[in-house]
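Peer 1: One structure coming up, written as structure tokens, with questions to follow.
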């Protein structure tokens with residue numbers, strides 16, 4: 001027993017005196033759009049005064065996913081069954097599977113065997129769906145089926161004309177607008193010039209337009225919708241948010257983004273203005289996949 005205590009005290013003394021260990025005392029820092037540090041209580045206030053929350057994640061970042069669960073709990077505590085959770089990670093033709101799983105019609109194995117799941121589903125999205133199932137919340141598949149986005153990418157927007165009305169129902173109207181001046185889209189336009197006629201910009205934009213249309217088709221006054229998406233899709237108040245505002249400029253939307261830096265004590269200038277709330281994570285953070 002004395003030997004064990006000596007060993008534990010020895011190891012503790014190593015950890016407490018090792019210079020690099022002191023660097024692990026904080027994994028992330030929260031900032032507002034201007035780069036000012038904020039506390040968790042401020043986020044709670046912002047979340048509870050919003051109608052739609054676009055939570056921009058790094059898909060493999062555990063801090064993003066942990067805070068998504070925290071936001072979901074905050075919303076559920078106030079709104080109960082009126083919370084809706086939307087997922088970029090599920091495509092609109094999978095909505096019936098989400099409905100059946102959350103309502104308890106099918107069990108987890110059947111759901112997983114039937115869905116096109118992202119590689120980090122078990123670690124990052126399954127806990128949120130389990131929570132939705134347990135608390136009878138609405139889970140939404142908001143993204144365009146990838147085969148249609150791929151078709152547009154390869155052959156252009158006119159290729160969507162030949163789809164059936166049933167297939168077109170899984171995407172935004174094919175006459176959706178694209179603002180090529182948006183900073184998030186401008187680089188894609190440049191890349192197209194080196195891709196032999198591929199339609200990268202419109203293929204990206206139809207994802208944003210479809211997710212926005214999906215969100216607005218489900219959200220109603222009195223409900224609150226938490227949407228999980230890659231940070232790119234809502235950064236700088238563009239992407240999904242731009243399309244939402246084209247249809248409903250009055251809805252109260254909060255944007256959250258994730259960034260990574262070597263040092264998190266100050267937000268780099270390039271990240272300012274990225275979102276209402278910016279989660280700045282140490283760049284050596286472990287990945288979920």
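Taken together, the values in this text are just the output of simple stated rules run on the coordinates, not laboratory data. Nothing here was measured: the structure is a model prediction, and the numbers come from that model. Here Cβ is always computed from backbone atoms with ideal geometry, including for glycine, and neighbour counts include all displayed protein chains.
Peer 1: Considering only residues that are in a helix (DSSP H, G or I) and over 26 Å from the mean Cα position of the chain (by Cα), which ones fall in the stretch 158-167?
Peer 2: 158, 159, 160, 161, 162, 165, 166
Peer 1: Here's a follow-up. With the requirement that a residue be touching a helix residue (DSSP H, G or I) at 6+ places or on another chain (Cβ under 6 Å) and over 17 Å from residue 241 (Cα atoms), what does the stretch 166-182 give you?
Peer 2: Once the filter is applied, which keeps residues that are touching a helix residue (DSSP H, G or I) at 6+ places or on another chain (Cβ under 6 Å) and over 17 Å from residue 241 (Cα atoms), the stretch 166-182 yields 170, 174.
Peer 1: Looking only at the stretch 197-228, count how many residues are free of Cβ contacts under 8 Å to residues at least 60 places away in the same chain and within 21 Å of residue 146 (Cβ to Cβ).
Peer 2: So the count comes out to 14.
Peer 1: Name the residues in the stretch 203-232 that are surrounded by fewer than 23 Cβ atoms within 10 Å (Cβ to Cβ) and part of a helix (DSSP H, G or I), would you?
Peer 2: Within the stretch 203-232, 203, 204, 213, 216, 217, 218, 232 meet the criteria.
Peer 1: If you don't mind, another one. Please go through the stretch 239-258 and pick out each residue that is part of a loop (DSSP other than H, G, I, E, B) and crowded, with 19+ Cβ neighbours inside 10 Å.
Peer 2: Passing the criteria: only 239.
Peer 1: Let me ask something else. Would you pick out the residues in the stretch 259-283 that are part of a strand (DSSP E or B) and in contact (Cβ under 8 Å) with a residue 40 or more places away in the chain?
Peer 2: 260, 277, 278, 279, 280, 281, 282
Peer 1: Quick check on the stretch 179-196: of everything there that is over 13 Å from residue 233 (Cβ atoms) and in contact (Cβ under 8 Å) with a residue 40 or more places away in the chain, which residue is surrounded by the most Cβ atoms within 10 Å (Cβ to Cβ)?
Peer 2: Looking at the filtered set, the residue picked out is 179.
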